[in-house]
Structures are given as structure tokens and as C-alpha cells.
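First the structure, in the form of C-alpha cells, and then the observations on it.
The values are calculated or read from the model by the stated rules, or taken from the named source; none is laboratory data. If you're wondering where the values come from, they're calculated on a predicted model, not measured in any experiment. Positions of Cβ are generated from backbone atoms using ideal geometry, with glycine treated the same way; all protein chains shown enter the neighbour counts.
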Amino acid sequence: MFVGLLTAPLRDWSLQKIVDWASASGFKGLEVLVSPTIKHIDINRVLAGASGEVKRLFAERDLKITGLSFYSIKILEDPGDQEFISKVIDVASILDVEVVCTLAGGPVKGKEKKQTLREDFPVVFGPIVDKAREHGLKIALENWYATNLQGLDHFKIAFEKIPDRTLGLNFDPSHLFWQQIDYIEAVYRFGDRIYHTHAKDAEILPFRLREVGVLGQGWWRYRIPGWGGIDWRAYITALKEIKYDYVLSIEHEDPFFGTEDGLISGKKYLEDII
């Protein structure tokens with residue numbers, strides 16, 4: 001197990017600058033955010049034959065691309081996003097990346113999450129999973145609470161509708177923690193589907209919670225690992241027990257740390273436990 005980072009907070013940097021800084025700071029992997037507008041790795045250029053320069057850049061710094069990540073909550077309803085993730089799968093294969101990270105989309109208009117998972121999710125993701133399997137890749141869905149993978153009951157439906165082991169999770173304990181869902185139990189129940197992980201903490205503010213209640217706003221917030229309520233020792237132990245041996249990808253959304261300081265602080269905390 002090793003520590004990497006999601007490049008989202010570095011979106012204004014060039015890929016060269018990101019790779020140089022991450023390598024010099026001791027990170028072992030980058031989860032590279034891709035989209036039609038973010039050109040850290042230009043999907044169309046790689047498809048046109050420019051993969052060599054990307055591979056050389058990472059090889060020279062001894063860094064691994066742990067995942068190519070395209071996070072679209074509209075993916076179930078947007079043919080353009082569905083076409084884009086198909087290209088991301090092609091590029092991941094070309095660059096020898098093992099995992100494509102994405103979202104399960106949001107509830108389709110007029111439907112709740114479970115209905116969307118049963119009816120729309122397999123229609124859209126069936127072909128995506130088929131293509132990933134043909135390329136020898138994994139699809140890892142982040143369990144962001146705003147998507148159709150809010151709770152463990154949603155996980156269960158998604159994997160019942162698409163049982164193919166190509167489909168799994170980019171597991172983020174922070175989204176479960178503040179909802180009071182047992183993130184350790186989730187690791188044991190769905191461990192064979194965890195293909196990538198986000199390392200992000202969450203902090204509960206009891207004084208605010210007592211004022212607004214769970215349906216209110218502002219009673220929880222995301223933090224760098226070690227600054228919230230997640231038991232990282234228990235969590236990493238659970239990951240080791242289910243034989244997960246891949247990246248802890250720091251997703252920095254902490255309002256109290258600068259970008260570089262937050263990433264380095266999270267890395268030091270996690271590596272001390274690993």
C-alpha cells in the first residue's frame with residue numbers, strides 16, 4: 001500500500017510541474033483527473049499517438065498513474081459524457097493504467113436512487129464495463145453521497161445489476177463516516193470490489209449539529225487525513241485484512257490547508273500508519 005494524490009486541486013499546474021513536485025515530495029502515484037476541459041493528459045492527443053511523452057514523464061520520475069478519473073454526475077443522462085469515458089478507457093489501456101475512476105451518476109429525473117440503479121445504471125454502465133473488461137481494466141465508482149452510491153444498500157443493488165467483477169469501487173470512507181454508515185463494515189462487505197481508494201477525512205461539528213440537526217447544513221466538513229474523525233489505523237488495518245495493496249489517493253478538500261501543505265501533511269500522517 002502506498003500514498004498518492006488526486007490531481008484535482010493542482011488543475012492550474014502543468015502535468016510536468018505536478019509530476020516533478022509529486023516525485024520530489026515522495027508521492028508514489030497520481031490519480032490524474034481528466035475531462036473535456038482539463039488537459040493534464042489530453043485524451044485526444046494520446047489517442048492520436050502522443051502516449052510516449054506521457055509514459056516517459058512518469059517513468060523518469062518513478063511515478064505510477066494509479067487511475068484516470070472522469071467524475072461526471074450527469075453520466076447516466078449525457079451521451080457526450082458516455083462517449084468521453086469510452087475514450088478514457090482507450091487511453092488508460094494505451095498508457096497501461098489499471099483503473100478508470102468515475103461516478104455512478106445521479107438519480108435520473110423523476111426517479112429515486114434505487115430505481116435509477118435498477119433501471120438506468122445497467123443500461124449505461126453495462127457497455128462501459130464490457131469495454132473495460134475487453135481492455136483488461138477495472139472501473140472504480142467513487143461512493144460520493146450525491147450520486148446513486150450513497151449507502152451500502154445502493155452498493156448492493158449496483159453489484160447485483162452488474163455482477164461483472166470488472167466493476168468496483170473507488171472507496172472513500174469520508175462520505176460514509178459523516179452519514180454514520182459503518183465504513184469499516186463496508187470494507188469487509190465489499191472488499192473484493194475495492195480497486196482504488198480516496199484518502200479523505202471528515203469532521204463532525206457537534207455544536208452545529210445540535211443546532212441544525214442532520215437535515216441542516218454546515219455540521220460536517222472534509223479534512224486532510226488525521227484532522228477528522230475517521231479511525232485511520234482501523235481503516236488501513238481493514239484494507240490490509242482484505243488484501244488491498246494499492247493506493248491511498250489523497251483527495252484534498254480541506255479548507256484550512258493550502259494545496260501543497262495539505263497534501264504533504266496527509267501523506268506524512270498516512271505513511272506513519274502504513
Can you name every residue in the stretch 164-184 that is of a type in the set (Asp, Glu) and more than 17 Å from His198 (Cα to Cα)? Asp164
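Would you pick out the residues in the stretch 1-34 that are small (Gly, Ala, Ser) and assigned to a loop (DSSP other than H, G, I, E, B)? Break it down into steps so the answer makes sense when it comes.
To start, the set of residues in the stretch 1-34 that are small (Gly, Ala, Ser) comprises 4, 8, 14, 22-26, 29.
Listed by number, the residues that qualify are Ser14, Ser25, Gly26.
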May I ask you to list the residues in the stretch 12-46 that are surrounded by fewer than 22 Cβ atoms within 10 Å (Cβ to Cβ) and under 16 Å from the mean Cα position of the chain (by Cα)? Gly29, Leu33, Ser35
Taking the stretch 77-118 and keeping only residues that are over 21 Å from the mean Cα position of the chain (by Cα) and part of a loop (DSSP other than H, G, I, E, B), one is left with Val108, Lys109, Gly110, Lys111, Glu112
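Give the number of residues within the stretch 147-161 that are outside any helix (DSSP H, G or I) and surrounded by fewer than 19 Cβ atoms within 10 Å (Cβ to Cβ).
Of all residues in the stretch 147-161, those outside any helix (DSSP H, G or I) come to 147-151.
Retained after the next criterion (residues that are surrounded by fewer than 19 Cβ atoms within 10 Å (Cβ to Cβ)): 151.
Selection size over the stretch 147-161: 1.
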Tally of residues being within 19 Å of Gly26 (Cα to Cα) and in contact (Cβ under 8 Å) with a residue 60 or more places away in the chain across the stretch 52-87: 3
Can you name every residue in the stretch 238-263 that is of a type outside the set (Val, Ile, Thr), closer than 20 Å to Arg11 by Cβ and assigned to a strand (DSSP E or B)? Ser249
Filtering the stretch 125-137 down to residues that are in contact with a Ser or Thr (Cβ under 8 Å, 6 or more places away or on another chain) and either surrounded by 24 or more Cβ atoms within 10 Å (Cβ to Cβ) or part of a loop (DSSP other than H, G, I, E, B) (or both) yields Ala132, His135, Gly136, Leu137
Among the numbered criteria (1) modelled with pLDDT of 95 or more; (2) touching an Asp or Glu at 6+ places or on another chain (Cβ under 9 Å); (3) surrounded by 13 or more Cβ atoms within 10 Å (Cβ to Cβ), which single criterion is violated by Ala50? (1)
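Does the stretch 227-253 hold any residues that are within 16 Å of the chain's Cα centre (by Cα) and acidic (Asp, Glu), and which are they?
Applying the first criterion (within 16 Å of the chain's Cα centre (by Cα)) to the stretch 227-253 yields 239, 244-253.
Of everything in the stretch 227-253, those that are within 16 Å of the chain's Cα centre (by Cα) and acidic (Asp, Glu) turn out to be Asp245, Glu251, Glu253.
Any idea which residue in the stretch 162-175 is surrounded by the fewest Cβ atoms within 10 Å (Cβ to Cβ), counting only those that are in contact with a helix residue (DSSP H, G or I) (Cβ under 8 Å, 6 or more places away or on another chain) and under 21 Å from Leu5 (Cβ atoms)? Lay out the reasoning, then the answer.
Step one: list which residues in the stretch 162-175 are in contact with a helix residue (DSSP H, G or I) (Cβ under 8 Å, 6 or more places away or on another chain), which gives 162, 164-169, 171, 173.
Then drop every residue that is not under 21 Å from Leu5 (Cβ atoms), which leaves 168-169, 171, 173.
Details: Gly168: 21, Leu169: 27, Phe171: 26, Pro173: 27.
So the residue we want is Gly168.
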Just name the residue that is farthest from Val91 (Cα to Cα) out of those in the stretch 21-46 that are in contact (Cβ under 8 Å) with a residue 40 or more places away in the chain and among the hydroxyl-bearing types (Ser, Thr, Tyr). Ser25
Residue match in the stretch 200-220 (condition: closer than 26 Å to Ile162 by Cβ and in contact (Cβ under 8 Å) with a residue 12 or more places away in the chain): yes
Spot the failing condition for Asp62; the list is (1) surrounded by fewer than 20 Cβ atoms within 10 Å (Cβ to Cβ); (2) within 25 Å of Glu142 (Cα to Cα), and only one is missed. (2)
Which numbered condition trips up Ala140, out of (1) assigned to a loop (DSSP other than H, G, I, E, B); (2) touching a Gly at 6+ places or on another chain (Cβ under 7 Å); (3) surrounded by 18 or more Cβ atoms within 10 Å (Cβ to Cβ); (4) not aromatic (Phe, Trp, Tyr)? (1)
